[in-house]
Amino acid sequence: MELFIFARFHALEGCEDEIEVELPAQIKATRAEPGCLNIHAFRSTRDRRLFYIHSCFVDEEAFELHAALPHTTSFIEKMERLIDHPLDVKRTTLVE
């Protein structure tokens, strides 16, 4: 069953540009993974410090593999230093 991931990142004051710089490399590396069906990064139009990643993986196992890869663990470590909240990643399935 496909797994949809929603990740939210609200930058610490002054860290928003650094988050925007980090996102493209993570998106590119994740797109190259065989279990990733799609992934996109977004920036809020109303809050310039708010970013999202939306991705879709073939299944939970593919996402677990993604979460353990060095490019992902490194990205998460960086993000945790740049955001003003605990890491916020939701795993979901399609309702309709």
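Before moving on, here are some points about what is shown:
- Of all residues in the range 17-52, those being farther than 16 Å from I76 by Cβ, touching a Leu at 6+ places or on another chain (Cβ under 9 Å) and either in a helix (DSSP H, G or I) or among the aliphatic types (A, V, I, L, M) (or both) number 0.
- Hey, T45 among the β-branched types (V, I, T), more than 17 Å from K90 (Cα to Cα) and out of contact with any Lys or Arg (no Cβ under 8 Å at 6 or more places or on another chain) or not: yes
- Residue that is surrounded by the most Cβ atoms within 10 Å (Cβ to Cβ) [pool: residues in the range 50-71 that are without any contact (Cβ under 8 Å) to a residue 24 or more places away in the chain and out of contact with any Ser or Thr (no Cβ under 9 Å at 6 or more places or on another chain)]: E64
- Considering the range 72-96, and only residues there that are acidic (D, E) and in a helix (DSSP H, G or I), the residue that is surrounded by the most Cβ atoms within 10 Å (Cβ to Cβ) turns out to be E80.
- Looking only at the range 53-71, residues that are assigned to a helix (DSSP H, G or I) and in contact with a His (Cβ under 6 Å, 6 or more places away or on another chain) come to 0 in all.
The numbers here are math on the coordinates, done by the rules we state, and not lab data. Worth saying up front: this structure is predicted, and the values here are computed from it rather than measured. Ideal geometry is used to build each Cβ from the backbone, glycine not excepted, and the neighbour counts take in all protein chains shown.
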